[in-house]
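Below: one structure, written as structure tokens.
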Amino acid sequence: MIAKNYINSVCSEDVSRIDDKQRLEKLTRRILYAYARNISTLAKTSSLLGDVIAGETIDCSRTTFDDYVSALEKLFVIQDMDAWCPAIRSKTAIRSTPKRCFCDPSIAVASLGLTPESLKIQLKTFGFIFEQMCIRDLKAYTIDMDSHISYYHDRYGLEADIVLHLADGRYALIECKLGSAEIEKGAEHLLEMKRLIIEKNKTEQQMPIRVPDLLIILTGGKMAYTREDGVKIIPLAALRP
């Protein structure tokens, strides 16, 4: 109920009040809905725009869409995540589209009209929401560490949902896996990235890539442990500042 009331306030008042520019409540809701449908993905702006106008008697140009998104960013409703772009394989392999994110995943849940009960049967959607929960908590708990986060994804499917960077150059590669059944796949991605970085550094002497300091899988489980391969499994609920 709190998230729904917040959305009502944002769409009816705040989105226009932020810079004294009149904006439509209906269009704001459609943009939030489109973002929520594509949460934690690398959806292109053209795809989001298609979702906004699909089945609706509403007009929205690219310029208008960008204006509304800018207002929602100023309100700290939307906060996309940039890509980390080291040339692990090659620059042409890296996906650089921003990852579509909300500052708080409850906004996405409310925008889609989902309930705790519906999320129990829509596990794929819940997985995307869980990733946003991980991003939100990591930002909150590292706010005093001069840190920032990004993601890595290349066209071969190799990925890290989150890359947590510290100012001194240390970083962690992090995968977010809601269920224990996905842990093995997440660990494979992280270990392969580490292996590729080590291999590249054997031939790249001038600008080597720092080897990740930690490989982490954040889960919805209850047990924290370190695997034999060094990957750390950490329940989201165990994070502390």
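The values are calculated or read from the model by the stated rules, or taken from the named source; none is laboratory data. Owing to the predicted nature of the structure, the values given are computational and were not obtained by experimental measurement. Virtual Cβ from ideal backbone geometry, glycine too; neighbours counted across all protein chains shown. Accessible surface is based on the protein model in full, side chains and every heavy atom, while ligands, DNA and RNA are left aside. Shrake-Rupley method; radii C 1.70, N 1.55, O 1.52, S 1.80 Å.
So, of the residues in region 207-241 that are under 30 Å from Ala87 (Cβ atoms) and of a type in the set (Lys, Arg), which turns out to be least open to solvent (accessible area, probe 1.4 Å)?
Here the residue is Arg227.
Mind listing just one residue for me: the one in region 141-190 that is in contact with an Asp or Glu (Cβ under 8 Å, 6 or more places away or on another chain) and assigned to a loop (DSSP other than H, G, I, E, B) and, of those, surrounded by the most Cβ atoms within 10 Å (Cβ to Cβ)?
Leu158
Can you spot a residue in region 191-206 that is surrounded by 14 or more Cβ atoms within 10 Å (Cβ to Cβ), in contact with a Pro (Cβ under 7 Å, 6 or more places away or on another chain) and modelled with pLDDT under 90?
Yes, some residue in region 191-206 is surrounded by 14 or more Cβ atoms within 10 Å (Cβ to Cβ), in contact with a Pro (Cβ under 7 Å, 6 or more places away or on another chain) and modelled with pLDDT under 90.
Could you pull out the residue among Ile2, Ile78, Ile18 that is among the hydrophobic types (A, V, I, L, M, F, W, C), out of contact with any strand residue (DSSP E or B) (no Cβ under 9 Å at 6 or more places or on another chain) and closer than 30 Å to Glu175 by Cα? Step through it out loud before you land on a result.
Numbers: Ile78 fails: out of contact with any strand residue (DSSP E or B) (no Cβ under 9 Å at 6 or more places or on another chain); Ile18 fails: closer than 30 Å to Glu175 by Cα.
That would be Ile2, the only listed residue that is among the hydrophobic types (A, V, I, L, M, F, W, C), out of contact with any strand residue (DSSP E or B) (no Cβ under 9 Å at 6 or more places or on another chain) and closer than 30 Å to Glu175 by Cα.
Mind checking which residues of region 43-84 are in contact (Cβ under 8 Å) with a residue 24 or more places away in the chain, within 19 Å of the chain's Cα centre (by Cα), surrounded by fewer than 17 Cβ atoms within 10 Å (Cβ to Cβ) and over 16 Å from Val15 (Cα atoms)?
Lys44, Asp82
For (1) basic (Lys, Arg); (2) under 25 Å from Leu138 (Cα atoms); (3) assigned to a loop (DSSP other than H, G, I, E, B), each residue gets a yes or a no:
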{"position": "Thr41", "(1), (2), (3)": "no, yes, yes"}
{"position": "Thr57", "(1), (2), (3)": "no, no, yes"}
{"position": "Pro86", "(1), (2), (3)": "no, yes, yes"}
{"position": "Ile107", "(1), (2), (3)": "no, yes, no"}
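Which of the residues belonging to region 118-174 are closer than 16 Å to Thr41 by Cβ and of a type in the set (S, T, N, Q)?
Gln122, Thr125, Gln132, Ser150
Could you tell me whether any residue of region 130-140 is among the polar types (S, T, N, Q), under 17 Å from the mean Cα position of the chain (by Cα) and not in a helix (DSSP H, G or I)?
Checked against the condition, which is being among the polar types (S, T, N, Q), under 17 Å from the mean Cα position of the chain (by Cα) and not in a helix (DSSP H, G or I), region 130-140 yields no hits at all.
Being part of a helix (DSSP H, G or I), among the charged types (D, E, K, R) and out of contact with any Cys (no Cβ under 9 Å at 6 or more places or on another chain) is the filter here, so list the residues in region 4-39 that pass it.
Hits for region 4-39 are Lys4, Glu13, Asp14, Arg17, Arg37.
When the residues of region 1-24 are filtered to those that are aliphatic (A, V, I, L, M) and surrounded by 15 or more Cβ atoms within 10 Å (Cβ to Cβ), which remaining residue is nearest to Arg62 (Cα to Cα)? Can you show your working first?
Here is the first cut: in region 1-24, the ones aliphatic (A, V, I, L, M) are 1-3, 7, 10, 15, 18, 24.
From what is left, the residues that are surrounded by 15 or more Cβ atoms within 10 Å (Cβ to Cβ) are 3, 7, 10, 15, 18, 24.
Values: Ala3: 27, Ile7: 23, Val10: 21, Val15: 18, Ile18: 20, Leu24: 15 Å.
Restricting to residues being aliphatic (A, V, I, L, M) and surrounded by 15 or more Cβ atoms within 10 Å (Cβ to Cβ), the top hit is Leu24.
Can you name the number of the only condition in (1) open to solvent by 10 Å² or more (accessible area, probe 1.4 Å); (2) modelled with pLDDT under 90; (3) farther than 23 Å from Arg30 by Cα that Ala93 fails?
In the conditions (1) open to solvent by 10 Å² or more (accessible area, probe 1.4 Å); (2) modelled with pLDDT under 90; (3) farther than 23 Å from Arg30 by Cα, Ala93 misses (1) alone.
Taking region 203-230 only, how many residues are polar (S, T, N, Q) and more than 20 Å from Leu164 (Cβ to Cβ)?
Adding up the residues that qualify gives 3.
Does Lys120 meet the test of being open to solvent by 70 Å² or more (accessible area, probe 1.4 Å), closer than 22 Å to Ile107 by Cβ and without any contact (Cβ under 8 Å) to a residue 12 or more places away in the chain?
On the way: open to solvent by 70 Å² or more (accessible area, probe 1.4 Å): yes; closer than 22 Å to Ile107 by Cβ: yes; without any contact (Cβ under 8 Å) to a residue 12 or more places away in the chain: yes.
Taking the combined requirement at face value, the residue satisfies it.
For residues in region 25-34 being touching a Phe, Trp or Tyr at 6+ places or on another chain (Cβ under 7 Å) and under 19 Å from Cys103 (Cα atoms), which is surrounded by the fewest Cβ atoms within 10 Å (Cβ to Cβ)?
Thr28
Which members of region 96-105 meet the condition of being open to solvent by less than 30 Å² (accessible area, probe 1.4 Å) and in a loop (DSSP other than H, G, I, E, B)? Full working, then the answer.
Going residue by residue through region 96-105, those that are open to solvent by less than 30 Å² (accessible area, probe 1.4 Å) are 99-102, 105.
Within region 96-105, Arg100, Cys101 meet the criteria.
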